[in-house]
Amino acid sequence: MGDRLMMVGAGLSGAVLARQLAEAGHSVTVVDARDHIAGNCHTARDAQTGVMVHTYGPHIFHTDDDGVWDYVQRFATFRPYKNQVKTTVEGRVYSLPVNLHTINQFYGTALRPEEARAYVAARTADIPDPQTFEEQALAFVGPDLYAAFFEGYTRKQWGTDPSNLPASILKRLPLRFNYDDNYFFHRHQGMPEDGYTALVAAMLDHPGITVHLNTVFDPAETDQWDHVFWAGPLDGFFDYKLGRLGYRTLDFETFRADGDWQGCAVMNHPDADVPYTRISEHKHFAPWESHAGSVLYREFPRACGPDDIPYYPIRLAEEKSLLADYVALAEQASGVTFVGRLGTYRYLDMDVTIREALDLADAYVAARADGETPPRFSAAPL
């Protein structure tokens, strides 16, 4: 007879874990405090225009993990999608990530790849081991491109000077000396044809899974289950008794238009005097559909309060110190595994979230078979 399992959170982590463990013969109850499944990748049709809206901002699926790519296609048809981000700087539009077209347009040149490489290198700072975002940018693209494309956007996104942020934030952004404007470089890229909520619904559609929305789980009830998987905030499981881990949240200003308003899915706005970071036009996330009207979001990052939705973990020195204290508490807890973006206090792309959930499900099954304690975290937070 299988275990009685509690899955707290109906996002990707919870859905994948629930499906895998239900298929392994366990009985899984999934609860979510919100009135919908799919967490922050929730999608819904706009009643006025028919456009599929990414309710909590853009989500584009991309991965090099063949296993994850095969897995999601069990539950949804994925259409090809290339993420081609544009940015408006001082009244001119450029391509992102910074590529050969961006460089030539910005400097008014017609450089070939090797010429552009040397041209940019001559303008970068000699910083052998960059520690901060600013140092990494100056060593990466030099002061001109940094000031135009990165500085203002980063200040707005994180609410602090880029010199206070770690270099790792910038290290995952590409710099290209060709005309490739595909934002991602992964082999598999696409969008679920009917949206992410339909994808998650298909994962949760199993006789061994029961879903309850608008339901808050009390950690004090952990011992009433054979095991609990907690995809909520790590500090929330402990009622924030050591203080709150820092996040950035987002406010969305929705507006509608007729026709095609900006000609692309995402337009960044790094200029310091523009209060938002980007505008997303949701009809372009489903280019195989046709809609007369359009739904757009202006995106305003700010500090996350107790009643806000946490988006981006800050993970600076103060937060990492508090995180270490919460990890120590978690290691002492019994009957619970902390999973996903919030449970491990890490920024995760969707494919990594799914991979970690798949691996954790296997680890749980193996641990139970061997009479061992299941992992405390889906991945180490520190």
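Bear in mind that the values in this text are calculations on the coordinates, not laboratory data. Nothing here was measured: the structure is a model prediction, and the numbers come from that model. Backbone-built Cβ (ideal geometry, glycine too); neighbour counts: all protein chains shown.
General observations
- Antiparallel bridge percentage (DSSP; both residues within the chain; nearest 5): 65 percent
- Among VAL93, VAL211, VAL51, a tally of other beta-carbon atoms within 10 Å of each Cβ gives an order, fewest to most, of VAL93, VAL211, VAL51.
- Using a Förster distance of 30 Å, the FRET efficiency for ASP359-SER163 (Cβ separation, nearest 0.05): 0.25
- Computed about the Cα centre, the dipole magnitude for the range 96-171 is approximately 260 debye when only Lys and Arg (+1) and Asp and Glu (-1) carry charge, each at its Cβ.
- Taken along the Cα-to-beta-carbon direction at a fixed 7 Å, the label points for VAL274 and LEU173 span 1.4 nm.
- (1) 34, 26, 17; (2) 33, 29, 19; (3) 38, 25, 19, with the label sought being that of the calculated semi-axes √(5λ) of the Cα gyration tensor in Å: (3)
- Check: the range 148-284 dipole with +1 on Lys, Arg Cβ and -1 on Asp, Glu Cβ, in debye: 560 debye
- Note on the range 96-171: the C-alpha convex hull projects to 4.9 nm² when averaged across all orientations.
- Computed extension length for SER290-HIS186: 34.7 nm, one decimal, from 0.36 nm per residue of separation with the Cα-Cα distance subtracted.
- Using distinct alpha-carbon pairs, which all enter the 1/r mean, Kirkwood radius of the range 261-334 in Å: 16.0 Å
- Linear extension gain, LEU329 paired with TYR107, 0.36 nm per residue minus alpha-carbon span: 74.6 nm
- Above-threshold pairs, the threshold being 19 Å between Cα atoms, out of LYS82/LYS283; LYS86/LYS156; LYS156/LYS320: LYS156/LYS320
- Counting beta carbons within 10 Å around each of CYS304, CYS264 and listing the fewest first gives the order CYS264, CYS304.
- Size of electric dipole in the chain: Cβ of Lys, Arg +1 and of Asp, Glu -1, about Cα centre, debye, nearest 20: 640 debye
- Cβ-defined net charge surrounding ALA286, 15 Å radius [Lys, Arg +1; Asp, Glu -1]: -2
- From helices alone, the chain scores -8000 deg cm²/dmol at 222 nm; the rule is -39500 (n - 2.57) for each run of n ≥ 4 DSSP H residues, then divide by the residue total.
- At the listed q of 0.13, 0.16, 0.19 Å⁻¹, the Debye profile of the range 207-313, built from one uniform point per Cα, gives log10 I(q)/I(0) equal to -0.75, -0.90, -1.00.
- Part-to-part distance (alpha-carbon centres) for the range 93-117 and the range 333-351, which is given in Å: 39 Å
- The alpha-carbon positions of the range 258-297 define a convex hull whose volume is 61 Å³ per residue.
- Per-residue 3J(HN,Hα) values for the range 355-365, derived from phi via the Karplus relation 6.51 cos²θ - 1.76 cosθ + 1.60 with θ = phi - 60°, read 4, 5, 5, 4, 5, 5, 4, 4, 5, 5, 4 Hz in sequence order (x marks Gly and Pro).
- Net charge over other residues, Cβ less than 14 angstrom from the Cβ of TYR345 (K, R count +1; D, E count -1): +2
- Working from label points 7 Å from Cα in the Cα-to-Cβ sense, the ALA24 to HIS206 distance is 1.0 nm.
- Taking the fewest neighbouring Cβ atoms within 10 Å as the starting point, the ordered list for SER27, SER294, SER13 is SER27, SER294, SER13.
- Fully extended contour minus Cα-Cα distance, from ARG123 to ASP370, at 0.36 nm per residue: 83.1 nm
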